[in-house]
Amino acid sequence: GPGQADMYAGLQELGVANGEDLKETLTNCTEPLKAIEQFQTENGVLLPSLQYALPFLDLHGTPRLEFHQSVFDELREKLLERVSAIALEGKVEERYKKLEDLLEKSFSLVKMPSIQPVVMCVMKHLPKVPEKKLKLVMADKDLYKACAVEVKRQIWQDNQALFGDEVSPLLKQYILEKENVLFSNDISFLQNFFSPSPKTRRQGEVVQKLTQMIGKNVKLYDMVLQFLRTLFLRTRNVHYCTLRAELLMSLHDLEISEICTVDPCHKFTWCLDACIREKFVDNKRARELQGFLDGVKKGQEQVLGDLSMILCDPFAINTLALSTIRHLQDLVGQDTLPRESPDLLLLLRMLSLGQGAWDMIDSQVFKEPKMEAELITRFLPLLMSFVVDDHTFTVDQKLPSEEKGPIPYPSTIPEAFTKFLQENRIACEIGLYYILHITKQRNKNAFLRLLPALVETFSDLAFSDIFLHLLTGNLTLLSDEFALEEFCTSLFDGFFLTACSRKENVHRHVLRLLLHLHHKVAPAKLESLQKALEPTKQSGEAVKELYNQLSEKLELRKPSPAEVTETPSMELPLPTVPTPASR
């Protein structure tokens, strides 16, 4: 069959007889048995001692093929070991010359399954496989597949499209994995999207595979970064920024200096990575990061595009925002204004750079975004006043109340706060993190006070997946409040349901929350929510699936009709037992 021909492909070119030759010999001879013996002698293993051993094996019924196969396997192992040894010994040019000669001789047999591993091994050890051979490998799907990654890298570095085809499914998988975490049915304030440490995240399958594909090849690394930039521009999906940082740090973990030393973001990313690990930017690291930003020289501004992408990674934003909230609380205690705190100003500068990443890469105008003075002089003091309101309220609660009665919690929001959340991206990001902070503190009053400001925010940030993922997690701390009509009305009708119909992701997050907390919600409220959250024809599979899960859970909670009707026929009053007098 055609498989047979393949098995011996290329032998003739080397002057080795194959099945066709034997057929020809037998067709044109007078004494076939003699001819076979002659063919065996000419093409057998040339060892004098074998002359007597082979007939002995014949007596034991061991087929010649089996014998030759085992000899062959043994030789192939030896050859593979020898190739790997040659690749390490002698002068560099000599050893590669030996390997190139070997490749020249053996390449015609590359289609023979039995010889293929040897040819592949030779290529794997050649830092530069001849162009012609690479083209032949590339043109043959099976050969390309069988190639070692060392050879594929040589093919990829001059074939961006082919490399793109290999990388693309990995990038899709990466984004999908991130979204699965954000929409996961496990809701908890202890474990969330930001819980895994940077080191743990870098062990992920996609990062590891990409690291392996790149090896020490700067050209391939640059190509991957180019793919990530392009995709980030096309989709605005910030998870590509996370992957940009993870990939660099994965190469850093492996100490691949060939790449780390040429990526101008390396030291900045390394320092920021340590902050992300601690979920806080301490003073020493703040100085270091500032040094990198201040050190961008004239003519090198393009590095800002890369730095901004590193800072746009949600894990970086999360760290900067949490640090900002902590700083604001400290300032309240120290009676200091935001504009007097260099550390705080640096955090804002980095937040601005990160939040401006898309615009910078899109416009190719590489300069740091200007910080709005109002953010520092008006918005942050406003947040500090909320912190003060909470302190005052807490202290008031503890004081013995005079005739004046209890002091109510401030319920109105300054209009400026709402306006900042709508118009200023950085203010909005910090405002949202402040709301996550008070929710985590189980501060229901502050939460209900600020919640109305979230209905309209800058580019709908309050309805973004990361915020809703964190908010739903923190709301589990307020689970007892869900029994109260007023709380539910504010949260669901006042916030979530305002966006459910126009934003599929919000619909999903509300259903996730209810799947988790339905048993805490007042029954009447639950019923109206179930109606309001019913999927429409336009709803995606995920929403329908979640809604069905919720309906099933609620079905199980309903008492069965039998239980409801069976009331005992005669209610006898229980005899009252006198309490024993206390001695």
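A few points about this structure:
- Condition met for Asp306 (touching a Cys at 6+ places or on another chain (Cβ under 8 Å) and surrounded by fewer than 20 Cβ atoms within 10 Å (Cβ to Cβ)): no
- Here Thr319 qualifies as under 27 Å from Lys199 (Cα atoms) and either more than 27 Å from the chain's Cα centre (by Cα) or assigned by the TED database to the domain that holds Gln226 (or both).
- Test result for Arg425, open to solvent by 40 Å² or more (accessible area, probe 1.4 Å) and in contact with a Ser or Thr (Cβ under 8 Å, 6 or more places away or on another chain): yes
- Phe420 falls short of the stated requirement of being touching a Ser or Thr at 6+ places or on another chain (Cβ under 6 Å), of a type in the set (Phe, Trp, Tyr) and either part of a helix (DSSP H, G or I) or outside the structural domain of Gly356 (by the TED database) (or both).
- Cβ-Cβ under 8 Å pairs, at least 6 apart or on other chains, the range 183-210 side of a type in the set (Asp, Glu), far side outside any loop (DSSP other than H, G, I, E, B): Glu205/Gln173
- Positions within the range 367-376 being modelled with pLDDT of 95 or more, out of contact with any Lys or Arg (no Cβ under 8 Å at 6 or more places or on another chain) and open to solvent by less than 60 Å² (accessible area, probe 1.4 Å), in sequence order: Leu375
- Whichever residue in the range 158-187 is open to solvent by less than 80 Å² (accessible area, probe 1.4 Å) and among the charged types (D, E, K, R) and, among such residues, is farthest from Leu134 (Cα to Cα): Glu179
- Filtered by the rule that a residue be part of a helix (DSSP H, G or I) and either touching a Cys at 6+ places or on another chain (Cβ under 7 Å) or surrounded by 12 or more Cβ atoms within 10 Å (Cβ to Cβ) (or both), the range 138-152 gives Met138, Leu143, Tyr144, Ala146, Val149, Glu150, Val151, Lys152.
- Helices (runs of 4 or more DSSP H) lying entirely in the range 217-268 (those with 2 or more residues that are open to solvent by less than 20 Å² (accessible area, probe 1.4 Å) and closer than 24 Å to Leu351 by Cα): 218-235, 239-253
- Within the range 440-550, helices (runs of 4 or more DSSP H) holding 1 or more residues that are aliphatic (A, V, I, L, M) and either surrounded by fewer than 20 Cβ atoms within 10 Å (Cβ to Cβ) or modelled with pLDDT under 95 (or both): 444-450, 465-475, 497-500, 504-517, 523-532
- Looking only at the range 96-137, residues that are open to solvent by 80 Å² or more (accessible area, probe 1.4 Å), at pLDDT 80 or above and part of a helix (DSSP H, G or I) come to 5 in all.
The values are calculated or read from the model by the stated rules, or taken from the named source; none is laboratory data. Everything numeric in this text was worked out from a predicted model, so none of it was measured. Reconstructed Cβ throughout: ideal geometry from the backbone, glycine too, with neighbour counts over all protein chains shown. Please note that ligands, DNA and RNA were not included when accessible areas were found on the heavy atoms of the full protein model with its side chains. Shrake-Rupley method; radii C 1.70, N 1.55, O 1.52, S 1.80 Å.
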